[in-house]
Amino acid sequence: MTKKRQLLYLLALCVFSVYINGCTRSQKSKTEFIPGEIWYDTDGNPINAHGGGIMFYDGTYYWYGEFKGDSTYRLEWVTTWECWRADVGGVSCYSSKDLLNWKFEGVVLASTPNDSTSDLHPSQVIERPKVIYNEKVRKFVMWMHIESPDYEKAHAGVAVSDSPTGQFTYLGSFKPNGGDSRDQTIFKDDDGRAYHIYSSEWNKTMYIGLLNEEYTQHTGIYTRNFIDMSREAPAVFKHHNKYYMITSGCTGWDPNVAEIAVADSMLGEWKVLGNPCVGQNADSTFFAQGTFVLPVENKRDTYIAMFDRWNKTNLIDSRYVWLPLTFKKGNPVIKWQDKWKLD
């Protein structure tokens, strides 16, 4: 190849990369969290893992999230809300040792463009994937919100893998406990029991269901919580033998006030404590919506509250807002910081 052709080839690659993700750039090691900025992986590409959650396994953190397509459009025939969406790209996975520098492990649950009947077809919806490890059966289990384009399917989907980096095998979707399942998360307790937490009854009520020993189905044991309070985007964590859940209101892609609740057990009574966010823009959750709360390994009482700052007209450019969650006089507090370090 001549030098002229080499230059033209490299130029074409850069033009294509700009079109896809703003062009790959050389990436220096990240040393601090900067909420809301574009977050690049170790290859220099913007991280594409929206609505995600993190699993710690064998010394490594794994971040799973929605892999968004590079075009966003609105379904005009859906009139009940602003139904902006991007085609399903599957579920992505990134790995890290320090929570700052993330390696792209690939799309670990792929979309199925050749099967229009599949839940994973690009025309459908996959949201809020979360993964936990089942030591008993030695499987990594993923739960996610499976939807139709008009958001009326309201199913929970399950996939399993022998490895944290996939590939995951999709087992199908269903309506847990006979009801709809939308925004969701899963939580694994210290005793090995796992729970599926999900918005149901058209988002009016939050359900918490105990999973079976394989973590792939419900046992039929569940509770109804925050009845008629219209809460979504649950994020659950445990602190000093108490359970906490952050939720948002139901305002589509637009931000609103977060709330946090506490309980003595996952299937117990939940008490609402109020808004954990403090400071400027706290009443809009810093223009973001919760997705996960991560207990940092080997750092006692250290938590990271993970939020998505949705860009509804360009969903691939939705940003990540990670902030420290601390306790003040026994109550959880999330305070905005322009930049911060774990230390």
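Assorted remarks:
- Complete set of residues in the stretch 214-249 that are polar (S, T, N, Q) and in a strand (DSSP E or B): THR219, THR223, ASN225, THR247, SER248
- Residue check, PHE307 within 29 Å of TYR151 (Cα to Cα) and in contact with a helix residue (DSSP H, G or I) (Cβ under 9 Å, 6 or more places away or on another chain): yes
- For the stretch 201-254, a tally of residues being closer than 30 Å to THR313 by Cα and either over 18 Å from the mean Cα position of the chain (by Cα) or without any contact (Cβ under 8 Å) to a residue 40 or more places away in the chain (or both) returns 10.
- In summary, strands (runs of 3 or more DSSP E) completely within the stretch 96-182 and bearing 2 or more residues that are within 26 Å of ALA305 (Cα to Cα) and at pLDDT 95 or above occur at 103-109, 125-134, 139-147, 155-161.
- Residue list for the stretch 282-300, restricted to those being crowded, with 24+ Cβ neighbours inside 10 Å and either at pLDDT below 95 or assigned to a strand (DSSP E or B) (or both): GLN289, GLY290, THR291, PHE292, VAL293
- Remark: pairs (first residue in the stretch 66-87, buried (at least 19 other Cβ atoms within 10 Å of the Cβ); second residue part of a strand (DSSP E or B) and among the β-branched types (Val, Ile, Thr); Cβ separation under 6 Å; 6+ apart in sequence or on different chains) = PHE67/VAL107; ALA86/THR72.
- Subset of the stretch 183-213 (residues that are assigned to a loop (DSSP other than H, G, I, E, B), closer than 15 Å to GLU147 by Cβ and not aromatic (Phe, Trp, Tyr)): ASP183, ASN203
- The lone exception for GLY252 - which of (1) assigned to a loop (DSSP other than H, G, I, E, B); (2) closer than 23 Å to GLY330 by Cα; (3) small (Gly, Ala, Ser) it fails: (2)
- Answer from ALA156, ALA194 - the residue that is surrounded by 18 or more Cβ atoms within 10 Å (Cβ to Cβ) and touching a Leu at 6+ places or on another chain (Cβ under 6 Å): ALA194
- Selection count, the stretch 225-253, where residues are polar (S, T, N, Q) and within 18 Å of MET55 (Cα to Cα): 0
- Residues satisfying the stated conditions in the stretch 255-271, i.e. outside any loop (DSSP other than H, G, I, E, B), without any contact (Cβ under 8 Å) to a residue 60 or more places away in the chain and surrounded by 15 or more Cβ atoms within 10 Å (Cβ to Cβ): GLU259, ALA261, VAL262, ALA263
The values are calculated or read from the model by the stated rules, or taken from the named source; none is laboratory data. All figures in this text were calculated on a predicted structure; none of them were measured in a lab. Glycine gets a Cβ as well: all are built from the backbone with ideal geometry, and neighbour counts include every protein chain shown.
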